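Written below as structure tokens is the structure these notes are about.
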């Protein structure tokens, strides 16, 4: 059936948990592109045939015309599927900038193709230049603050750092009481976890 | 008689209190933030308000620092700090919400009068967003498609309109509250039904019906 493969791509994406990025399915993607090319040559040969018969393309409504129309709509459907696939992936990639910061961890970046990586870089530099125009870091304070301080456990050796109000030794497994704005960047990088009471 | 007049003054002071509360910048920013969060389209950028808020945040930061320097009671500092944190969250979240809308509808925004609702840095951001998204989609999808199907705006060269641009859905339902005035809104498909807002009245209504009222500030979204 025409257009089935394109749908498969989207099904794969939507069966994923929201915000999770599946690996790029290059094989299916390329096959859909191939399908589009096949449809396109069909359209051309059918419209060519109509013209050969000396009929007017705009008014002819014979079997060849409807055949061509079906191929035409198949291309459009495939295009919509491919675009939706890429666009929705790009949206997830955008949201990663807010969640994990400027540098993508290895396990995520292997799921992207070259163009997507480039897109992530371009998009995050756009965001950064916006933030420097405003002189305001928008990636902190993602949840409404309840208490200025939170309790965190350090998950990896960070060492002694100068934070805004203290300079604790952030050794692995140690527990600290830090300013939320200080701790947030480490939490998003997976170096700390917040302890709830 | 005496008690009656007392009640009257009490009510009046309450009213004045309320109107003062409604005009502080924190309250205005909260309102702008709520509207922005709830509305499906991007609203006008509150340039002056954001500027004032940034100045006030700076001021509050200085105050907290001063207090920390001269050994004021830690509890007092922590209260000031909390107030400051909340204010900062509000401002950041307001700006973030706008950026997310720009990311989502960048092509649509750059083609309509909505462009003027953006601040200058936002316009810059929108432009870069649009360019990088177009580049990415062209590289990975459009350039591989057959001739005549490569437009990012149209499904194919034979489409009449630009039918591939995501647009905000304006006829979605929103919760809203009339501000101080009584408002009557035309609703229904042909505008034949009326929805009567009492003062402070709450309603669930299609966004398109109250779009102008939100713009003029007569109705707020909640």
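Here, each number is a calculation from the coordinates, and none is a lab measurement. These numbers come from a predicted model, not from an experiment. Backbone-built Cβ (ideal geometry, glycine too); neighbour counts: all protein chains shown.
Could you give the angle, 0 to 90 degrees to the nearest 10, between helix A:63-100's Cα long axis and the longest principal axis of the Cα atoms of chain A? So the helix axis and the longest Cα principal axis differ by about 10 degrees. Between residue A:108 and residue A:161, full extension at 0.36 nm per residue minus the direct alpha carbon distance yields a gain of 16.3 nm. Remark: mean inter-chain Cβ contacts per residue of B:85-92 equal 5, using a 10 Å Cβ-Cβ cutoff to other protein chain atoms. Rounded to the nearest 10 degrees, what's the angle between the helix A:26-52 long axis and the longest principal axis of chain A, both from Cα atoms, 0 to 90? For A:26-52 against chain A, the angle is about 20 degrees.
The fraction of all Cα pairs in segment B:70-167 landing in successive 10 Å bins from 0 to the largest distance is 13, 30, 23, 14, 10, 6, 3, 1, given as whole percents. Here r is the Cβ-Cβ distance between residue A:62 and residue B:159 and R0 is 22 Å; the resulting FRET efficiency, rounded to 0.05, is 0.40. As a proxy for reagent exposure, ranking B:98, A:172 by other Cβ atoms within 10 Å from fewest up yields A:172, B:98. Take each residue of peptide A:141-148, count the partner chain Cβ atoms within 10 Å of its Cβ, and average: the result is 6. Normalising the average separation of contacting C-alpha pairs (under 8 angstrom, six or more residues apart) by the number of residues puts the relative contact order of segment B:2-166 at 19 percent.
Multiplying the residue separation of residue A:193 and residue A:25 by 0.36 nm and removing their Cα-Cα distance gives an extension gain of 57.2 nm.
Each of residue B:215 and residue B:27 was given a label point 7 Å from its Cα along the Cα-to-Cβ line. The distance between the two points is 2.7 nm. Each stretch of four or more DSSP H residues adds -39500 (n - 2.57); spread over every residue of chain A, this sum gives -19000 deg cm²/dmol at 222 nm.
Exposure proxy ranking for B:108, A:173, A:123, based on other Cβ atoms within 10 angstrom of each Cβ and starting from the fewest, stands as A:173, B:108, A:123. Across chain A, the volume of the C-alpha convex hull divided among the residues equals 180 Å³ per residue. Estimated from the Cβ-Cβ distance and a Förster radius of 51 angstrom, the FRET efficiency linking residue B:199 and residue A:10 is about 0.60.
Radius of gyration over Kirkwood radius for the protein assembly as shown, both on Cα atoms: the Rg/Rh ratio is 1.07. Summary value for segment A:149-194: 49 percent relative contact order, contacts being C-alpha pairs under 8 angstrom separated by 6+ residues.
Helix A:4-14 sits at what angle to the longest principal axis of chain A, using alpha carbons and giving 0 to 90 degrees rounded to 10? Between the helix axis and the principal axis of chain A, the angle is about 10 degrees. Residue order for A:100, B:199, fewest other beta carbons within 10 angstrom first, comes to B:199, A:100. Normalising the average separation of contacting C-alpha pairs (under 8 angstrom, six or more residues apart) by the number of residues puts the relative contact order of chain A at 18 percent. Note on residue A:140/residue A:177: beta-carbon distance plugged into 1/(1 + (r/R0)^6) with R0 of 25 Å gives a FRET efficiency of 0.90.
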